[in-house]
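Data block below; observations after.
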Amino acid sequence: MSPDTGNKFTEGGDDSLSRYLKPDSPEIKEIKSLQGKEYEYSDYLGTIEYSIARYFYENDRGIKDKDAVAALNNIKNNYDKKISFFEQDLEIEIIENLIELLEDEPISHHEFKLAIDYVLEVIDNRSWMEDDQAYLKWAAYVMGLFTEKEREEYETEIRKLAARMGFSSKHADLMLMKGEEEDYFEFVENYGAEGTEELTDEELIAEMEKRFLSMPEDEKFDFLLENGPEFYELVGLYLSDLSERGEFDKIQTLYRKLTEKYDDFLYLYVYMGGVYLEKDPSLAKSYFEKALETLDRTDELSDSTREVLRAQFLNLIKKLK
């Protein structure tokens, strides 16, 4: 049964979040992480993340991811103190929303800390992105807080980032949580990986690469012929692998088959140029020239990314003269 709150916790700040938590059982203490238990704890994780996203979107567009991290750590370390102890509005927003949930659905102290740790990890998983509000914007996006215009602008921003990082459109969709994650999971699971639901985005890509390289050669060919432009990182990975093994006949066979099937495969030309950079500079130059010709016909690139690539290609071509 939930404790009697007396006066509402928003009045006076005399309530404490810890009063709404259950004692830890030996079984609960055995839980190390909520990875793989997201569905079971979705109400708590969702409340924390929605509180952060809504505060950012509705109250303070100037806060940074580091502010959310600081708020969560302060709550985790001082959740036994009265609400009046907390000075930041974001902290109070999170605590009050959690108390409303915990009144009816309490969890233990250990589970609460694991929930905080989980969200901290989610924030950290986006720290590599070129934005000190990467998590906050992503959270507002996936929580459906953005207007249609803001949503479109955010998706464009992420696709530009993915292009700059050399990621495929599939990876961009994965970053946007647009329902294409199954493509990655299906690929990995088809080749024997287990526990993929617990992988981060980056770990999932690494596992996918590992499984791809373990496939028989004919299956690699078939997969790339069917999915090359969508998983072009794997094209580059395989070409590099063949190059290290000195199997240039296979490289040319794959190149011929891919160019027969796909027009304007920009990254294929780039990878081929890289493969032959030292072995045959003249041939490498021809591939970079093809990449340059294809550049303006590649729609998914932003203007700024296109110009950066153009400068890089021209520089390489000049050096290879």
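The values are calculated or read from the model by the stated rules, or taken from the named source; none is laboratory data. Bear in mind that the values here come from a model prediction, so they are computed numbers and not experimental data. Cβ placement follows ideal geometry from the backbone for every residue including glycine, while neighbour counts extend to all protein chains displayed.
Structure notes:
- Look at the stretch 50-61: where a residue is crowded, with 18+ Cβ neighbours inside 10 Å and among the β-branched types (V, I, T) and a partner is at pLDDT 95 or above and outside any loop (DSSP other than H, G, I, E, B), sitting 6+ places away or on another chain with Cβ atoms under 6 Å, you get I52/A68.
- Residue, nearest to Y55 (Cα to Cα), within the stretch 82-102, restricted to residues that are of a type in the set (D, E, K, R) and surrounded by 15 or more Cβ atoms within 10 Å (Cβ to Cβ): E93
- Test for Y44: is it at pLDDT 95 or above, under 33 Å from the mean Cα position of the chain (by Cα) and not in a loop (DSSP other than H, G, I, E, B): no
- Residues that are of a type in the set (K, R) and either surrounded by fewer than 18 Cβ atoms within 10 Å (Cβ to Cβ) or not in a helix (DSSP H, G or I) (or both), drawn from the stretch 285-314: R297, R306, R310
- A search for C-beta distances below 7 Å between a residue of the stretch 248-260 that is surrounded by 15 or more Cβ atoms within 10 Å (Cβ to Cβ) and any residue that is of a type in the set (V, I, T), counting only pairs 6+ apart in sequence or on different chains, returns I251/V275.
- Number of the exception - L225 against (1) crowded, with 17+ Cβ neighbours inside 10 Å; (2) among the hydrophobic types (A, V, I, L, M, F, W, C); (3) assigned to a helix (DSSP H, G or I): (1)
- Residue check, D264 touching a Ser or Thr at 6+ places or on another chain (Cβ under 8 Å) and outside any helix (DSSP H, G or I): yes
- Enumeration of residues in the stretch 269-284 that are in contact with a helix residue (DSSP H, G or I) (Cβ under 6 Å, 6 or more places away or on another chain) and either in a helix (DSSP H, G or I) or of a type in the set (A, V, I, L, M) (or both): Y269, V270, Y271, M272, G273, V275, L277, A284
- Test for I94: is it modelled with pLDDT of 95 or more, under 25 Å from the mean Cα position of the chain (by Cα) and not in a helix (DSSP H, G or I): no
- Condition met for M129 (aliphatic (A, V, I, L, M), outside any helix (DSSP H, G or I), within 18 Å of the chain's Cα centre (by Cα) and not assigned by TED's automatic domain parsing to the domain that holds I28): no
- Verdict on E150 being part of a helix (DSSP H, G or I), modelled with pLDDT of 90 or more and not assigned by TED's automatic domain parsing to the domain that holds D60: yes
- Only residues that are assigned to a loop (DSSP other than H, G, I, E, B) and in contact with a helix residue (DSSP H, G or I) (Cβ under 8 Å, 6 or more places away or on another chain) were counted in the stretch 230-261, giving 2.
- Criterion applied to Y50, Y39 was being closer than 29 Å to M129 by Cα and not in a helix (DSSP H, G or I), and the one residue passing it is Y39.
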